[in-house]
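Shown next, in structure tokens, is the structure this report addresses.
The values are calculated or read from the model by the stated rules, or taken from the named source; none is laboratory data. The structure displayed is predicted, hence computed values, not measured ones. Here the Cβ is made from the backbone with ideal geometry for all residues, glycine too, and neighbour counts use every protein chain on show. All accessible areas refer to the heavy atoms of the entire protein, side chains included, with ligands and DNA or RNA removed. Shrake-Rupley method; radii C 1.70, N 1.55, O 1.52, S 1.80 Å.
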Amino acid sequence: RLFDLDPDLLPLFQYNCKQFASPEECLSAPEFLDHIRKVMLVIDAAVNHLEDLPCLEEYLCNLGKKHQVAGVKVESFSTVGESLLYMLENCLGTAFCPDVREAWTKLYDAVVKAMRRGWDALPE
């Protein structure tokens, strides 16, 4: 869904200086799948620390810095969030009610807000 929403994100996913020719090629690359696992670990950490998200602040800020250095734009996280909600809706079906959508949106927004502090700490 990510590359359907924003095909311009594809060049950000380069591993060992390899540029992917298509989203399908990227989606099947072991390095990309590893990246997705890492994204899910961050989401898992946020869910597990829901009552104490500030404990993840330094980690998420540093993660934001790494993404900025890699050329990711803050605006791209909106596309990632939309893709996450799309996946959750498709996997959860009717259980993905408006309250569940709102909870996931708030959690994701909190994670992105902490990561944005990494951008604020680096000169543009």
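Taking the conditions exactly as written (under 11 Å from the mean Cα position of the chain (by Cα), loosely packed, with under 12 Cβ neighbours inside 10 Å and at pLDDT below 95), does Met115 satisfy them or not? Against the criterion (under 11 Å from the mean Cα position of the chain (by Cα), loosely packed, with under 12 Cβ neighbours inside 10 Å and at pLDDT below 95), Met115 does not qualify. Residues in segment 73-87 that are in contact with a Phe, Trp or Tyr (Cβ under 7 Å, 6 or more places away or on another chain) and part of a helix (DSSP H, G or I): Gly81, Leu84, Leu85. Sub-6 Å Cβ pairs linking a first residue in segment 94-116 that is part of a loop (DSSP other than H, G, I, E, B) to a second residue that is open to solvent by less than 50 Å² (accessible area, probe 1.4 Å) and not β-branched (Val, Ile, Thr), at least 6 apart or interchain, are Phe96/Leu88, ordered by first then second residue. Selection of first residues in segment 10-35 that are on the phi < 0 side of the Ramachandran plot and of second residues that are open to solvent by 70 Å² or more (accessible area, probe 1.4 Å) and charged (D, E, K, R), restricted to Cβ pairs under 7 Å at least 6 apart or on distinct chains, gives the following pairs, ordered by first then second residue: Tyr15/Glu31. Scanning segment 74-105 for residues that are over 23 Å from Asp8 (Cα atoms), surrounded by 11 or more Cβ atoms within 10 Å (Cβ to Cβ) and of a type in the set (D, E, K, R) yields a count of 2. If the condition is being open to solvent by less than 40 Å² (accessible area, probe 1.4 Å) and under 20 Å from Lys66 (Cβ atoms), then segment 21-37 contributes Cys26, Ala29, Phe32.
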